[in-house]
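Just below is one structure, and these are the notes that go with it.
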Ligand SMILES: NC(=O)c1ccc[n+]([C@@H]2O[C@H](COP(=O)([O-])OP(=O)(O)OC[C@H]3O[C@@H](n4cnc5c(N)ncnc54)[C@H](O)[C@@H]3O)[C@@H](O)[C@H]2O)c1
């Protein structure tokens, strides 16, 4: 089996590629992998086992149709992670989000169809639904994104589903909750807070800290994606969640404790513009149809994540220095 992974040098994509190459998924044992990644600020070669003979790494843009034409032939599936992924950056400037997430996804869909690639798994986010006060979103919930990031992902989801309906492409869309784990770029809340705390610095808590997110360990997310790749129904959307909702305040408390720091290190900052109050995914569908359930509990997952950042300063220190 040959799998083409876009954005495979980023946080989640590289976790997926490492799991594939470690033969963690029986259904893809022995698979060879092509990674196409632009190596934007969040892409990092050091996330990949570049010497593995089953891996081919290509630095390039998903919007480069000529390059895609060269590369895609012979692949059985595409798993599409490549995106601009940080909400705060989309608030500061939305154009790269539209270019990569919307236009890039369409270029990739067209190239996949021309090349006759089989399954196309489009990796998306719960943020496309907006915010929910109570209860949980099901896969048929109307899209109501609030940030430019979420709007660009919603656009790409609709284009992916349109490629299925219009052209009969074998497309499946996944929408997941907030991921955490090793190798997440230290601009996102967990690695930002952990690395600041490890450095004796303060952490910035948005607004009243009452915004609620569901936390999903990256290994559970990747296993869910693989289940969808192997067994998901074409044209369908599947939620992948972690089953642990925490307010940002609760999360901060856990991270302070794990790093041996107190609340004096927390600096309240003005809330993010248009900050969604709560995200909550119903994961009944993927559980019933594909047998997915999260395996990594938040206590062990956070402890292992904090330990990883404590033990791998050489990975994150240059990234923080570059973006400071
Ligand atoms: N991190 C989360 O909590 C989360 C939650 C829900 C959904 N997602 C989705 O998962 C996917 C991966 O997210 P992540 O957290 O790993 O992000 P990331 O920013 O760590 O990785 C994105 C990768 O895409 C690459 N990339 C960016 N533009 C590209 C382009 N034009 N062509 C080729 N490669 C390009 C980057 O170099 C990087 O390696 C994204 O689609 C994101 O929307 C992430």
task: Please state which of the following conditions residue 247 fails to meet, knowing it meets all the rest: (1) touching a strand residue (DSSP E or B) at 6+ places or on another chain (Cβ under 7 Å); (2) surrounded by fewer than 17 Cβ atoms within 10 Å (Cβ to Cβ); (3) in contact (Cβ under 8 Å) with a residue 60 or more places away in the chain.
output: (3)
- request: Taking only the range 38-66 into account, find how many residues are within 10 Å of the ligand (Cβ to nearest atom) and more than 21 Å from residue 319 (Cα to Cα).
  value: 5
query: Tally time: how many residues in the range 224-244 are within 17 Å of the chain's Cα centre (by Cα), surrounded by fewer than 22 Cβ atoms within 10 Å (Cβ to Cβ) and not in a loop (DSSP other than H, G, I, E, B)?
result: 1
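Quick one: is residue 231 more than 15 Å from the ligand (Cβ to nearest atom) and either in contact (Cβ under 8 Å) with a residue 40 or more places away in the chain or outside the structural domain of residue 305 (by TED's automatic domain parsing) (or both)?
Details: more than 15 Å from the ligand (Cβ to nearest atom): yes; either in contact (Cβ under 8 Å) with a residue 40 or more places away in the chain or outside the structural domain of residue 305 (by TED's automatic domain parsing) (or both): yes.
So residue 231 passes the test.
Please work out if residue 223 is within 13 Å of the ligand (Cβ to nearest atom) and within 20 Å of residue 11 (Cβ to Cβ).
Working: within 13 Å of the ligand (Cβ to nearest atom): no; within 20 Å of residue 11 (Cβ to Cβ): yes.
Here the answer is no, as residue 223 does not meet what is asked.
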task: Return yes or no: is residue 27 at negative phi, surrounded by fewer than 16 Cβ atoms within 10 Å (Cβ to Cβ) and more than 9 Å from the ligand (Cβ to nearest atom)?
output: yes
- prompt: With respect to the numbered conditions (1) surrounded by fewer than 18 Cβ atoms within 10 Å (Cβ to Cβ); (2) closer than 22 Å to residue 159 by Cβ; (3) within 12 Å of the ligand (Cβ to nearest atom), which one is the sole condition not fulfilled by residue 69?
  reply: (3)
query: In the set 272, 267, which member is touching a residue at least 40 places away in the same chain (Cβ under 8 Å), part of a loop (DSSP other than H, G, I, E, B), surrounded by fewer than 21 Cβ atoms within 10 Å (Cβ to Cβ) and not assigned by TED's automatic domain parsing to the domain that holds residue 7?
result: 272
- prompt: Has the range 199-206 got any residue that is farther than 20 Å from residue 271 by Cβ, more than 20 Å from the chain's Cα centre (by Cα) and in the same structural domain as residue 25 (by TED's automatic domain parsing)?
  reply: no
message: Return the pair list, or none, for Cβ contacts closer than 6 Å from residues in the range 77-89 that are part of a helix (DSSP H, G or I) to residues that are within 10 Å of the ligand (Cβ to nearest atom) and at pLDDT 95 or above, at least 6 apart or on different chains.
response: 87/149
field: Some residue of the range 94-112 being within 12 Å of the ligand (Cβ to nearest atom) and in a loop (DSSP other than H, G, I, E, B)
entry: no
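The values are calculated or read from the model by the stated rules, or taken from the named source; none is laboratory data. The structure displayed is predicted, hence computed values, not measured ones. Counting neighbours? That spans all protein chains shown, and the Cβs are built from the backbone with ideal geometry, glycine included.
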